[in-house]
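The values are calculated or read from the model by the stated rules, or taken from the named source; none is laboratory data. Since we're looking at a predicted model, the values are computed, not measured. Please note: Cβ atoms are built from the backbone with ideal geometry, for glycine as well, and neighbour counts cover all protein chains shown. These area figures cover heavy atoms from the full protein model, side chains too; ligands, DNA and RNA do not enter into them. Shrake-Rupley method; radii C 1.70, N 1.55, O 1.52, S 1.80 Å.
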Amino acid sequence: MGTYRQTVVDLDASAEEAAVCGARGRTWLETHGYIRPVPWQDGVAYLAGPRWREAVDLASWDWRAQITGLDQEPCDELTVITGRTVFYAVSGEPLTAVCPRCRNASCDWPGEVLDTWYTTGVADLDCPACAHRTSLPDWEWAGDLLAFAYLGYQFDDWPPLHPDFTTALGQALGHRIRVVAGKI
C-alpha cells in the first residue's frame, strides 16, 4: 500500500536556524490546534489535533467525508526534520528541473549534483537554455517532486494538505515553502 507523505519544506531556513525555526513552526501548529502532543515511549509524538480537518482537503481524500462527516483522524504523526535533506516524492515521472530565471524545463541535468548538494550543502546547476548558473535549492521541479533544504514538516498518511493551510504555515515561518508530496 505504501505511505502518502507530504512535506512542507522551508526553503529559506539555514542550517544554523533550522532547529529554532522547526520548533517555532511546531509550536504554531500546536497553538492553532492542528497537532497535539501525546506522550510516546520516552518522548512526545505530535498527532492530529482538534482542528486537523481545517488543515486538509478532506473531500478530495475521501468522497464519503462530505456525506458522513468522516471522524477518523490521520493515523501518523507530524515529524519535524532538520538538517541537510533532499526532500523528494516518488512519482515515476522523470525529474524535470525548471530554471528560476527563464522558466525553461529540462530533464537533461547532471544527477550527481544531488549528491554534491547533500554532501556539501552547496551545488549549482546551469540552465541549458539561458546558461544562467543558479544554486540548486533555488531551482523548481515540475510537480514539486524535489526540494533541497534544512527544515521540513513531514505529514505521513494525512489527507492532502489544503493550500490555505500551507500558505499560513509559510507566513508563520516568514519563509518560502514548497510542498513535496507523493506515495513512498
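The simple spin-label model puts a point 7 Å past each Cα toward its Cβ; for Cys130 and Gln171 those points are separated by 2.9 nm. Determine the shape class of region 90-172: with a ≥ b ≥ c the square roots of the Cα gyration tensor eigenvalues, call it rounded for a/c under 1.5, and otherwise prolate if a/b is greater than b/c, oblate otherwise. Prolate, because a/c is 1.5 or more and a/b exceeds b/c. Taking every protein chain into account, the 1.4 Å probe leaves Thr31 with about 110 Å² of accessible area, to the nearest ten.
Taking all protein chains together and rolling a 1.4 Å probe, His175 ends up with roughly 40 Å² accessible.
Taking all protein chains together and a 1.4 Å probe, the residues Glu112, Glu140 rank Glu112, Glu140 from largest to smallest accessible area.
Given a 1.4 Å probe and every protein chain left where it sits, what share in percent of the accessible area of the chain is carbon and sulfur?
Details: 4960 of 9750 Å².
About 51 percent, which is the carbon plus sulfur part of the accessible surface.
The H on the amide N of Asn104, modeled in the peptide plane, is under 5 Å from the matching H of Cys99, each at least 5 residues off or on a different chain. The 1.4 Å probe gives accessible areas that order Tyr153, Tyr88, Tyr4, largest first, as Tyr88, Tyr4, Tyr153. For Glu93 and Ile184, a Förster radius of 22 Å and the Cβ-Cβ distance give a FRET efficiency of 0.90, rounded to the nearest 0.05. For the chain, the per residue solvent-accessible surface stands at 53 Å², with DNA, RNA and ligands left out and a 1.4 Å probe. Taking all protein chains as they are arranged and a probe of 1.4 Å, the heavy atoms of Ser106 leave approximately 20 Å² accessible to solvent.
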